[in-house]
Each structure stands twice: as structure tokens, then as C-alpha cells.
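Here the structure is laid out as C-alpha cells; the discussion comes afterwards.
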Amino acid sequence: MKVRDYLTLKLKEGKLHMTLLDPDKAEDQNLGELAAIATDLGTDAIMVGGSTGVSQADLDRQVAEVKTSTTLPVILFPANARTISPHADAIYFMSLLNSRKVQHVVREQQQAAQLIRDMGLETLAMGYVVVEPGMKVGEVGHADLVPRDAPEEAVRYALTAEFFGMDLFYLEAGSGAPAPVPAKMIQAVKRESHLPLFVGGGIRGYDAAREVAEAGADVIVTGTVVERPNGKVFLKDVINAVKGS
Ligand code: 1GP
């Protein structure tokens, strides 16, 4: 089944949780093991990516390892045109809409486009917007961060993604953010736009995940939580919150 069809079907049933695994941190972590843990705990898909990027060879090896450790779709969440692997099931073809650099809006993408086509990777077009505090991805992506008290700005980006014909819209507070994207911003975007809404960054426990889900996020993404000591417990809490139990 295409990943697009899988997501459409699953989104009809309810909210989804996705686990982001970062190959940059793989030296001390086995991504395959983390993928297996997240799968057992009920996550809905595995995303592989990070904001700094790894070598193509390392990424290939790690994505292949993840792929053999889970039956779930494995979707690339690329940092740039060089972090692409044919072992994944699909790739978010992302544009960092609030970057000041054309490189992150469209140029990395055009550098990767032929390779993605030749690899036969399924593409899911995503408008990606970084909200304060933005953390590392805000920095390396040269983002003009959306202020936390400016939901209307996030709405304008969501409509932009929709009118460009993108498939998905992602509000990102940045990995390790002290707090997730504000509920008011999520509510405003959900109210005014139609694309499946991804929210990630700084979601570390039951209450935060519940708040983000109740505000209207369709897909809740966590990364760091699974890497912490007792990660299994925290991840289970987050997934329970997303699934409403
Ligand atoms: C993915 O940035 C998130 O979009 C992951 O953030 O590591 O804070 O969960 P955390």
C-alpha cells in the first residue's frame, strides 16, 4: 500500500503518532531497536531525519536497519538534498516556508528531485514552518520564526501550503523545545485550513501530547522522548494521550 493511502486510511480512524529517529544521534543509539520499541508501543509510522545531516552511507545503513525492525512505514524527514535513502518507503518533500534562504524553500528540493524520482521514492509534499523557539532547525534553516503569539501568521502559511497544492502542513517548535507549539496556534490553523496538520517539538509527556491533540493536531510527532532514560514509559504515555486513552 502507498504511504499516502495508509495515512489517509489511518487519519479517518483518528489521530496519529509518529516517532522521529535522528541518525545524527545514532552513535550511542541503535535506531533499529528504537524503531522496534516505538512500533510495539503503538506508534503509527517512523520518520528518519535530523537537522544537521549525516553522510549518505550512514543514512542508508540506518534506514535499512530501521526498515528491517518495523512493519510500519518508514518516511524520510530530510535535512537536505544529500540525506536521502532508497530504503525508505516515502519521503516528505518539504519546503521550509518561513526560511529566509531560497535554498531551504526550493533549491535543495530541486537538487534532489531527479534522484528521488530515480530511486522510485514516494513523495508527500509538505509545507514546513518553524515556530518560536525553533531550536536547531530554526537556526540551520535560517527561519524567520513564527512568534508564539501570532497564530494568524501560522494560518497564512497553512493556507499558502494548501493553495500550493501540498499534501501536509507541519508546525515545528524545534526538537527539544521547552514547550510545544501553542494550543491557540494549533486551533487557529486547524479551524482555517484543510491540510492534515502535523505538530512536533517539545512534546515530552501525556499532558503536552493531550493538549496538542485536543487543540487539533492530526499527527503528533515526537523525537527526543524515546531516547531518554525510561523512554518507553514516556513514549507510551504520549501515544496513549494521542489515542485518547
Ligand atoms: C520533530 O522536532 C520534532 O518535528 C521532535 O521534537 O525531539 O522535542 O520530540 P522532540
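Laboratory data are not the source of any read-out in this text; all were calculated from the coordinates shown. Treat the numbers as computed from the prediction; the structure is a model and nothing was measured. Neighbour counts run over all protein chains shown; Cβ positions are idealised from the backbone, glycine included.
Annotations for the structure displayed:
- Here region 90-245 has an Rg and Dmax of 15.5, 43 Å, counting Cα atoms alone.
- FRET E, pair residue 148, residue 56, Förster distance 22 Å, beta-carbon r, rounded to 0.05: 0.05
- Residue exposure proxy: 6, 157, ordered by other Cβ atoms within 10 angstrom of their Cβ from fewest to most, comes out as 6, 157.
- Neighbour counting of Cβ atoms within 10 Å sorts the residues 199, 74, fewest neighbours leading, into 74, 199.
- Between residue 33 and residue 230, the distance separating the two model label sites (each 7 Å from Cα on the Cα→Cβ line) works out to 2.0 nm.
- For a straight C-alpha distance cut-off of 20 angstrom, the aspartates and glutamates reachable from residue 190 (same-chain residues fewer than eight places away being disregarded) are 13, 132, 149, 152, 153, 162, 167, 172, 207, 211, 214, 218.
- MRE, 222 nm, helices only [DSSP H, n ≥ 4, -39500 (n - 2.57), over the chain, to nearest 500]: -12500 deg cm²/dmol
- Candidates 163, 93, 198: whichever shows maximal mean-square fluctuation once the chain is modelled as a Gaussian network with Cα springs under 10 Å: 163
- Here each label is just a point 7 Å from Cα along the line to Cβ, and for residue 2 and residue 162 those points are 2.2 nm apart.
- Label-point separation, residue 107 to residue 13 (7 Å along Cα→Cβ), nm: 4.3
- For region 1-21 versus region 128-165, the spacing of their alpha-carbon centroids is 23 Å.
- Counting only residues at least eight positions apart within a chain, or on another chain, the aspartates and glutamates with an alpha carbon under 14 Å from that of residue 25 are 33, 58, 227.
- Top of 156, 100, 117 by mean-square fluctuation, Gaussian network on the chain, Cα under 10 Å: 117
- Mean separation of Cα contacts under 8 Å, 6 or more apart, over the residue count of the chain: relative contact order %: 18
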